[in-house]
Amino acid sequence: MIDGAQLLGYLRRETGAPGLGLAEPPAPVTGGFDTRIYTFHLVGAPPALSGPLILRVLAAQTDPRRALREQAIQNALAAQGYPAPRAPLASADRAALGAGFLIMERRPGRPLLQHRGLGMAGVLVRAQRRLHGVDAEAVRQAVETAVPGGAEAHTVEGLLAQAEARTVRSALLGLVPALGWLRANRPTLEGPPVVCHGDFHPQNILVEGRREVTGVLDWPNVLFAERACDVAATRVILRYAPVGVAGVPRHLRWLVRAARAVLVRRFMAGHRRAQPLDRDALRYYEALAGMRGMVRVAENRTEADAGSGATLSMLDASSFGERLARRFAALTGIAPRLPKVKESKVP
């Protein structure tokens, strides 16, 4: 749990409002694989902090400057009218709450996955194409201003460098040939890059009413790349993410499993109708998205197996990583190898 007194002390210092108070203790919110999320209200707050708020706390080992990059991305998008939550405050000072964190507005609406009959694929395509139409350079400059040199982390080159560093650090030898393929086969970028969300799926899209998108959440995986990169990442999530670990209510899981293939076809068809997608680029970026998932799974399994006492998350203990590895092999001819799951580490 978060220490409400520490949070309040930080907020009073930042706002210069000694009379600021919490209407109730911060309440945990489900979601976020590598963050802790809380909702809270303030009393006596300035206008920017007067509504329902979300506190997103990074993992202690995560670079705390990520919070500043996320804040910059969200605010730059919101300034252009895109429904990313505005984040009035963010901190890279671990002394405040033990890790980097940001405080943002709580957007109205429910996850798209909970709305039946809305034409989910169409909502996803329109919201994603709207994102690809914003001024990407303005967003990139905002990140660079917040964290000098920070925009490099949000490029394909930066993503590959991070994956390689993590692979070396955790000795993930079974992924080395696959990373070599990604290095050797990068497509040439055609035209200026767009903002790619990187984790664009129905649980991160909030909807109110019939089709109004009121919020797009979870921005740490942004890349400045071609739009095929984002489309391919969503395709991977829709096809391979286990339904049971995506926050889907149990009574809806059968519906999601049955509709998955149809959703993927409609999603891809919607994008292709709007604008052609290069097959080779899609193939590469689908492999890249798979690698991002495999590095995470392999890293966490290796850590759990090293006697750290850690228990794997449901996602890392599931067949998700193996499904990504099989798809990577089908796309590239290179078969990645992942650490096995030990029964004692399964949650």
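The values are calculated or read from the model by the stated rules, or taken from the named source; none is laboratory data. In this text the structure is predicted, and so the values were computed from the model without any measurement. All Cβ positions, glycine included, derive from the backbone under ideal geometry; neighbour counts span all protein chains shown. Please note that ligands, DNA and RNA were not included when accessible areas were found on the heavy atoms of the full protein model with its side chains. Shrake-Rupley method; radii C 1.70, N 1.55, O 1.52, S 1.80 Å.
The 1.4 Å probe gives accessible areas that order R12, R296, largest first, as R12, R296.
For segment 262-306, the fraction of C-alpha pairs farther apart than 11 angstrom is 73 percent.
Normalised per residue, the accessible area of the chain is 46 Å², obtained with a 1.4 Å probe and no contribution from ligands, DNA or RNA.
Charge tally around L217: other residues with Cβ under 13 Å, Lys/Arg +1 each, Asp/Glu -1 each, net +1. Pair-distance distribution P(r) for segment 151-196, from all Cα-Cα distances in 5 Å bins starting at 0: 5, 18, 26, 23, 16, 8, 4, 0 percent. Note on the chain: with a GNM built from Cα contacts shorter than 10 Å, the maximum mean-square fluctuation among A127, A269, A306 falls on A306. Give the long-range amide H neighbours of G100: residues separated by 5 or more places, or on another chain, with amide H under 5 Å away, using H modelled in the peptide plane at 1.01 Å from N. The list, which skips near neighbours in sequence, is L58. The stretch between A78 and Q275 holds 68.4 nm of extra length on full extension. This uses 0.36 nm per residue minus the Cα-Cα distance.
For the residues R273, R56, R166, a GNM of the chain with alpha-carbon springs under 10 Å puts the largest fluctuation on R273. Global dimensions of segment 50-96 from alpha-carbon coordinates: Rg and Dmax equal 11.5, 34 Å.
Computed over the Cα atoms of the chain, pair by distinct pair, the Kirkwood hydrodynamic radius stands at 21.1 angstrom. Rounded to the nearest 20, the Cβ-based charge dipole of segment 129-169 about its Cα centre (Lys and Arg +1, Asp and Glu -1) stands at 240 debye. V147: net charge of surrounding residues, Cβ under 9 Å, Lys/Arg +1, Asp/Glu -1, itself excluded? Residues close to V147 contribute a combined charge of +2.
How long are the semi-axes of the ellipsoid equivalent to segment 100-232, from square roots of 5 times the Cα gyration tensor eigenvalues, in whole Å, largest first? Computed over segment 100-232, the values are 29, 18, 16 Å. By the gyration tensor of its Cα atoms, with a ≥ b ≥ c the square roots of the eigenvalues, what is the shape of segment 22-87: rounded for a/c under 1.5, prolate for a/b over b/c, or oblate? Since a/c reaches 1.5 but b/c is at least a/b, the shape of segment 22-87 is classed as oblate.
Projected over all directions and averaged, the alpha-carbon convex hull of segment 112-175 occupies 7.4 nm².
Working from Cα positions, state the angle (0 to 90°, nearest 10) between the long axis of helix 279-305 and the longest principal axis of the chain. Result, in degrees: 70. Of the candidates N204, N221, N185, which one comes out as most mobile in a Gaussian network treatment of the chain with C-alpha springs shorter than 10 Å? Maximum fluctuation in the GNM of the chain, among the listed residues, is at N185. What's the Kirkwood radius of segment 167-233 in Å, using all Cα pairs? For segment 167-233, the Kirkwood estimate is 14.7 Å. With the charge dipole of the chain set up from +1 on Lys and Arg Cβ and -1 on Asp and Glu Cβ about the Cα centre, the Cα lying farthest toward the positive end among the listed residues A269, L179, H154 is that of A269. Please compute, over every Cα-Cα pair in segment 1-134, the percentage with a separation greater than 18 angstrom. I get 59 percent for the Cα pairs in segment 1-134 exceeding 18 Å.
Extension gain, E212 to A59, is 51.8 nm, computed as 0.36 nm per intervening residue step minus the present C-alpha separation.
Calculated FRET efficiency, R186 to A329, Cβ-Cβ distance, R0 = 22 Å: about 0.70 to the nearest 0.05.
Measuring nothing but protein heavy atoms, the accessible surface of segment 11-153 at 1.4 Å probe radius is 53 percent carbon and sulfur.
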